[in-house]
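Report on the following structure.
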Amino acid sequence: MSDEKLSAEIITIGNEVLSGRTINTNAAFIARRLDEIGIPVEWVMTVGDRADDVREAFRAAWNRARVIVTTGGLGPTHDDITRTVFCETFGRSLRRDEAVLANLREFFTCRGRELTPRNIDQANVPERTEALMNRWGTAPGVYLAEEGRQWFMLPGVPREMEGLMVQEVIPRLLRAIGSHAIRRRDLHVVGLPESYLMDRIDGIPGLEYVASLLDPKGEVTLRISVTGESKAEADERLGRIETALRERLGRNVYGVDDETLEAVVGTLLRGKELEIAVAESCTGGLVASRLTDVPGSSDYFREAIVAYANEAKVRLLGVPRDLLVQHGAVSEEVARAMAHGARVRAEVDIALGITGIAGPTGAGPEKPVGLVWIALAHAGGTEALSFRFGTERLLNKARAAQTALDMLRRHLLRGPGEPLTMS
């Protein structure tokens, strides 16, 4: 299977998916698994249980894709038409697969149930195809390798589809790819809008496949996939491209693959033997929650105060009342006082203070919805930066928490005398 053939199409069959009663998680699962081995999905189609529609989808997929995966329509009911339509479309007959029939008999016997004629019909598969044994249900999968195409028909039940995808589909595709070694890596990027990020990485030599995945918090994941004639060649290419991306993006890259921002921050805090406290207002404890999601966070996390009301800021953090009166709760001065108060009261090395207008109410002419001040108190003093997010309350909370963690990370990475910046 040559590089030019590494394109895939997913076809989901079933009225229940079109109606919205069933969420199409199957397509997402299949696409992720294909992406992991370097096969990009270029088309995803959903069709109902009408023979004409399924036939049209099959013909279109055959003409444009080299890897085709269908789900649904393999069961025992009258609307399970996938195998029949496949045979009609490509001029084949159904054949009885005795191994599948034996598997069905064992499946029903183990459950004390009688094998019905409809279930027996599930042992019929298109001629010149291979049956894929379903160890999680009754409907077998079907595999066709012909004219440079790899076609898989899988059940629609997620558990059965996932089992066949992992145990049967992926190994066959890896064998079809042949000697090519595939390597992939996710680079997690913060502080850069997606369009700016793409401009920065434009023109990197050898960057053959990169996809960007945008998280609601404002984080972008760059998914890189490369191939080589050997593992060493693929590793060398991946390393060279990752180095070039990091040179372009600098500290905007915080981690790779399964690393989270809060885990990276935790590693830095532990490595520097620092303890932290958090004072939150508009984020309502999200920063503390994320920091303590990390196993072992008790090594560096000491306490959090959610001081939502002004009175709580005064009583719990020692914020002077005159600052609140003069500058308002959402201000640089109050953010600094919150961070300083948390650091002093918890007796820690570093503290965050966060205050803002999550919305949709509470804004004024000079303080719009989405304005957030984040302060960092440490041995060298207290620093604060302001940010403008959007107009949606929950997104503003999530992005403020994300930015606070990133601000902390950048502080922990900077050298002596280096200013705190988010670029």
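The values are calculated or read from the model by the stated rules, or taken from the named source; none is laboratory data. The structure displayed is predicted, hence computed values, not measured ones. Note: ideal-geometry Cβ built from the backbone for every residue, glycine included; neighbour counts use all protein chains shown.
Overview of results
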quantity: Qualifying residue in region 337-350 (condition: in the same structural domain as GLU280 (by TED's automatic domain parsing) and under 32 Å from the mean Cα position of the chain (by Cα)); calculated: yes
quantity: Pick from region 67-82, criterion surrounded by fewer than 24 Cβ atoms within 10 Å (Cβ to Cβ) and either at pLDDT 95 or above or of a type in the set (A, V, I, L, M, F, W, C) (or both), ranking: farthest from the chain's Cα centre (by Cα); calculated: ILE81
quantity: Residue list for region 293-319, restricted to those being assigned to a loop (DSSP other than H, G, I, E, B) and surrounded by 19 or more Cβ atoms within 10 Å (Cβ to Cβ); calculated: VAL294, TYR300, ALA307, VAL319
quantity: Criterion: over 24 Å from PHE301 (Cα atoms) and under 21 Å from the mean Cα position of the chain (by Cα) - qualifying residue of GLY218, GLY206, GLY255, GLY250; calculated: GLY218
quantity: Flag for SER289 being among the small types (Gly, Ala, Ser), surrounded by fewer than 19 Cβ atoms within 10 Å (Cβ to Cβ) and closer than 20 Å to ALA400 by Cβ; calculated: yes
quantity: Filter result for the condition that a residue is without any contact (Cβ under 8 Å) to a residue 24 or more places away in the chain and either within 27 Å of GLY266 (Cβ to Cβ) or basic (Lys, Arg) (or both), over ARG336, ARG388, ARG345; calculated: ARG388
quantity: Test result for VAL369, more than 16 Å from ALA288 (Cβ to Cβ), modelled with pLDDT of 95 or more and not hydroxyl-bearing (Ser, Thr, Tyr); calculated: yes
quantity: Selection count where residues are touching a Pro at 6+ places or on another chain (Cβ under 8 Å), surrounded by 20 or more Cβ atoms within 10 Å (Cβ to Cβ) and of a type outside the set (Gly, Ala, Ser), scope region 8-57; calculated: 2
quantity: Which listed residue, of GLY364, GLY370, is closer than 29 Å to THR260 by Cβ and either surrounded by fewer than 15 Cβ atoms within 10 Å (Cβ to Cβ) or in the same structural domain as GLY271 (by TED's automatic domain parsing) (or both); calculated: GLY370
quantity: Members of region 158-176 found to be free of Cβ contacts under 8 Å to residues at least 40 places away in the same chain and farther than 18 Å from GLU9 by Cβ, listed by number; calculated: ARG159, GLU160, GLY163, GLN167, GLU168, PRO171, ARG175
quantity: Checking THR361 against (1) over 20 Å from GLU303 (Cα atoms); (2) in contact (Cβ under 8 Å) with a residue 24 or more places away in the chain, the condition it does not meet; calculated: (2)
quantity: Unique match (being modelled with pLDDT under 90, in a helix (DSSP H, G or I) and over 14 Å from ILE37 (Cα atoms)) among SER212, SER195; calculated: SER195
